1. Within the group ASN364, ASN352, ASN347, which residue is surrounded by 14 or more Cβ atoms within 10 Å (Cβ to Cβ) and modelled with pLDDT under 95?
2. Scan the range 99-116 and give yes if some residue there is under 30 Å from LEU556 (Cβ atoms) and either open to solvent by 10 Å² or more (accessible area, probe 1.4 Å) or among the acidic types (Asp, Glu) (or both), otherwise no.
3. Considering VAL274, VAL281, VAL217, VAL299, which residue is among the hydrophobic types (A, V, I, L, M, F, W, C), touching a residue at least 60 places away in the same chain (Cβ under 8 Å), out of contact with any helix residue (DSSP H, G or I) (no Cβ under 6 Å at 6 or more places or on another chain) and under 25 Å from PRO86 (Cα atoms)?
4. Is it the case that ILE159 is in contact with a strand residue (DSSP E or B) (Cβ under 9 Å, 6 or more places away or on another chain), closer than 22 Å to PHE430 by Cβ and open to solvent by 10 Å² or more (accessible area, probe 1.4 Å)?
5. Test SER446 against the criterion of being polar (S, T, N, Q) and touching a strand residue (DSSP E or B) at 6+ places or on another chain (Cβ under 6 Å), and give yes or no.
6. Quickly run through the range 466-487 and pick out the residues that are more than 30 Å from HIS441 (Cα to Cα) and of a type in the set (A, V, I, L, M, F, W, C).
7. Would you say PRO484 is in contact (Cβ under 8 Å) with a residue 24 or more places away in the chain and open to solvent by 50 Å² or more (accessible area, probe 1.4 Å)?
8. Only one of (1) open to solvent by 10 Å² or more (accessible area, probe 1.4 Å); (2) under 23 Å from ASN259 (Cα atoms); (3) hydrophobic (A, V, I, L, M, F, W, C) fails for LEU508. Which number is that?
Amino acid sequence: MCQKRVASFFSSLLQKKKHTRKMGASLLPPPAFLAVFLFSFVTLSFNPEPALAINRHYKFDVMLQNVTRLCHTKSMVTVNGKFPGPRIVAREGDRLVIRVVNHVQNNISIHWHGIRQLRSGWADGPAYVTQCPIQTGQSYVYNYTIVGQRGTLWWHAHISWLRSTLYGPIILLPKRGTPYPFAKPYKEVPIIFGEWFNADPEAIISQAMQTGGGPNVSDAYTINGLPGPLYNCSAKDTFKLKVKPGKTYLLRMINAALNDELFFSIANHTVTVVDVDAVYVKPFEAETLLITPGQTTNVLLKTKPDYPNAQFFMSARPYATGQGTFDNSTVAGILEYEVPNKTSQSNHSTKNLPLYKPNLPPLNDTSFATNFSSKLRSLASADFPANVPQKVDRQFFFTVGLGTNPCSKNQTCQGPNGTRFAASVNNISFVMPTTALLQAHHFGQSKGVYSPYFPISPLIPFNYTGTPPNNTMVSNGTKLVVLPFNTSVELIMQDTSILGAESHPLHLHGFNFFVVGQGFGNFDPSKDPANFNLVDPVERNTVGVPSGGWVAIRFLADNPGWCMVHALPSRSAHKLGLEDGLGCLGWKASQSEAASSTS
């Protein structure tokens, strides 16, 4: 089991003597326990310039804080009493040392979403995968270096539904003296989308787990923790972005919502997309964005040249494809121009200004979603190449979707025909271990914890997007697939129509991948690969599997450690890991994920 002494042991191994944040700090060697299973040929050349890289220390106190939204006050789990939590700022090459202290009754772990975690797999954060959760009164030190990344990422809790309140931005700046590949913005502003629940989110998911049905949806979406004026009792809780005419602003946008992909638009303004998931892209203009849970998008907003005598809504609402319930509401912030100096402040009132609203796509506008995604392309320049694997060593075909588990005896379940919803990959629903997977492997105690025999394709092929089979029951297990180190992987993820087709946002820990193709219907291995983009496909860490369709990704398995691949929200979830110069690729989908996928 994950015990306090084991968690403390891992934490002590990661903790180093405190270093001051001074110029010239050099990288420390990897922890001794990592050296045990990192072969010499795994040495990675990612040393930052010693004169530029520094150590940055943060302390996260996980604590309860009273927060009021929608005229409802509740005590909720926060970091340092803030909602959203504090921002992490670093430059490429910097080393982050973050001490997390748990002052609440919940077990806690923090994931640094999108960080490559090269040779620092113990710092990735998913509970029962790379670490035991941090128990009450205990602490854990996350210690990792930013390697070859710049842009916007984010951090969040990675256990149960605690990430509904435990999240914040990670801002990765280029090395000193290295400019952006676009005009330097006047100002940079994080914009984080989230959800607000009047009830305790832990109670909501607990009830869903007990009944086997879908959890209750959120009461509001939020922008930087504020619901905005379109919700009752919320006009004062509105995020306002105050700008000056004729300036360019870099908006660092993060979708931290639990369940929903979101459309976003600023009335009467166009933005330029320049970065997704901390990877630069070929710039393109857009009036509306689509951001999947877990994704980040950096955009340039060029304000109007003159004071417009108006205000503008910045609005977001869901893109919904499933048949389950969802929060069908709209969150809005306000873009507000500063009053020119020549205008008397006393004679000026924003109440008298017209307020323009954007036209967002329909809730189920899959055509827009597809067109927007197709515009994303890597820079593929000399400075920022797109190193797409041109040959493939291993191919996987994974069906991703819903299924059912039988209801326990003497219990009433709210899933289809009295069953329990279950999410699965290749018809296997993940069973959460009680021992962290990386811990089990490190101590040579993996027997009985997990199996390395996950099917690389469905055991029984069927018409995945056609008439679903009559039997919707799934099998259960903690299974993974083993990969040799440095394997080039092609993975096809196919949505299914079992219990309804829906979009599945999928996130890969420890790696970026290239989205080389996507389409609707069933993937055709004889025809579809001919249309793959192997020149400048978008590189990212989170992608949405199209509703009733498929997506193809490629990546190089060059990062030792256990790295999850899972759905956001907690829908059908999955795992990938690499250890000992070998990798373990597996996929998880537990009942909690299935419960969330119905919302």
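1. Result: ASN364 is the single residue among ASN364, ASN352, ASN347 that is surrounded by 14 or more Cβ atoms within 10 Å (Cβ to Cβ) and modelled with pLDDT under 95.
2. yes
3. Every option except VAL274 fails the conditions.
4. Against the criterion (in contact with a strand residue (DSSP E or B) (Cβ under 9 Å, 6 or more places away or on another chain), closer than 22 Å to PHE430 by Cβ and open to solvent by 10 Å² or more (accessible area, probe 1.4 Å)), ILE159 qualifies.
5. No; evaluated as a whole, the condition is false for this residue.
6. MET473
7. Considered against the rule, which asks whether it is in contact (Cβ under 8 Å) with a residue 24 or more places away in the chain and open to solvent by 50 Å² or more (accessible area, probe 1.4 Å), PRO484 comes out as yes.
8. Only one criterion in (1) open to solvent by 10 Å² or more (accessible area, probe 1.4 Å); (2) under 23 Å from ASN259 (Cα atoms); (3) hydrophobic (A, V, I, L, M, F, W, C) is unmet by LEU508, namely (1).
The values are calculated or read from the model by the stated rules, or taken from the named source; none is laboratory data. None of these values were measured; they are calculated from a predicted model. Because the Cβ atoms are built from the backbone with ideal geometry, glycine has one as well, and the counts that use them run over all protein chains shown. Accessible surface areas use protein heavy atoms only, side chains included; no ligands, DNA or RNA. Shrake-Rupley method; radii C 1.70, N 1.55, O 1.52, S 1.80 Å.
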